[in-house]
Amino acid sequence: MKKLTLGDVCKKESSNIAQKDIMECEGEYPIYGAGGFIKNVNFYQQELPYIAVVKDGAGIGRTMLLPAYSSVIGTMQYILPIDYESIDLQYLYYAIVHMDLGKYFSGATIPHIYFKDYKKEKLFLPEICEQQRISLLLKQVDLMIEKQNNQVELVDKLVQSRFVEMFGNPVLNEKGWRTKPLLDMGNCKNGMNFHYDDCGVEINCLGVGDFKDLSVIDDTKQLPTVSLNEMPSEEYLLKDNDIVFVRSNGNKELVGRSIAVYPGNVATTFSGFCIRYRKYDDEVIIPYLLRVLKTDSIRRKMAGRGANIQNLNQQILGTLIVPIPPLELQNRHRTKLYRTRISTNIRRMNWQHSVTSDRIHLMKLSGENITETKHRTKSLH
């Protein structure tokens, strides 16, 4: 097994395509951005399958495996094997995903990553047949993850349906509940911007990539860490019952996604692509409020603005009006939600044990150091 660097086996190519320049262009060749497929156009930049990495803005470090005869816009870059015959592209894709390229970011306003920095990442390269075997196994794990996510999504839709039956559509407020503006019941804070060369203090950090399909995170010790020059001020530390929103992302579907956090006494901060909401009103409880914020009607009111990167801000959150049903009814819903979550979590824990075992075995096959992986610095996308 060869121990190389990413730069030994790959080269980088750039795209100069702006999304605004292709809006009137139609064709048969797909073009992609940070959020995935954009549209079909009448040209392509790559004749062979390739890997693309988000290099600018929200989602930096996100990695995609994309088909032949396609292109990406200029916020992404192409990562191409120098020798396609000696490298299984899917194996290379999984290896790059595992490298967590977002940790190489720089820039406070618009973050960037550069190939000259992350090309130094170590890469274990077995023979081509072994690469293919490992990538096939990892693909099977991905299919397991997709299946589990679909099941969780069905449970979430069921919970949402029961919520609407009990409380009605929060925007239409058919049941005539008294209402309050969201920001009259709490306050907001945008997350921190970090720098690649910061060092001195390590702290757990919630980023967009940690939301996944979750509604609650109650063990922030499991979140990846970032390095800072000093401990953040109190306003940047999460507390129990805080709700965190996705503020900015290349994928519009992710903007406005919300999650409740319960860090306890574990110091935990949140990235600049997030907004923290802290409730101080006693007339609503967090499980009810979180479910309101996850309804389709409220999500539509939070729909982001922007060309390539969609955005949510505190002004938009200030327009949200929340119905206030009796606390007894809110607590009844919390009890039903709790029972459903216990059942779902038991199934998820059994599944995660199986998938984790598979991943550990595959890491051993590819020569990965598991201890180093566990403590890898997080990506901030």
May I ask you to list the aspartates and glutamates whose Cα is less than 13 Å away from that of Lys39, ignoring any residue fewer than eight positions away on the same chain?
-> Asp21, Glu24, Glu26, Glu28
Three semi-axes of the equivalent ellipsoid, region 158-342, Cα gyration tensor, whole Å, largest first | 29, 18, 15
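Arranged by the count of other C-beta atoms within 10 angstrom, fewest first, what order do Ile82, Ile316 take? Display every interim value, and only then the final one.
Values: Ile82 11, Ile316 19.
Fewest-to-most ranking of Ile82, Ile316: Ile82, Ile316.
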Taking the Cα centre of region 2-125 as origin and charging only Cβ (+1 Lys, Arg; -1 Asp, Glu), how large is the dipole, in debye to the nearest 20?
-> 600 debye
With DSSP loop assignment and no more than 10 other C-beta atoms within 10 Å, the GluC sites (Glu not before Pro) in region 71-171 are Glu85
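Could the peptides 176-183, 91-98 be put in order, highest first, of the mean number of other beta-carbon atoms found within 10 Å of their residues?
91-98, 176-183
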Fewest first, what order do Phe167, Phe273 take by the number of other Cβ atoms within 10 Å?
-> Phe167, Phe273
Run down the lysines and flag those whose C-alpha is under 24 Å from the C-alpha of Lys147, throwing out any fewer than 8 positions away in its chain.
-> Lys139, Lys157, Lys212, Lys252, Lys294
Point-charge dipole on Cβ atoms (K/R +1, D/E -1) for region 158-342, about Cα centre, debye to 20 = 900 debye
Placing +1 on each Lys and Arg Cβ and -1 on each Asp and Glu Cβ in region 158-342, then taking the dipole about the Cα centre, the residue among Asn265, Val159, Leu254 whose Cα reaches farthest towards the positive end is Val159
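Read-outs throughout are calculated quantities, based only on the coordinates presented, and are distinct from any laboratory measurement. Just so it is clear, the model here is predicted, and its values are computed rather than measured. Every residue, glycine among them, receives a Cβ derived from its backbone with ideal geometry; neighbour counts consider all protein chains shown.
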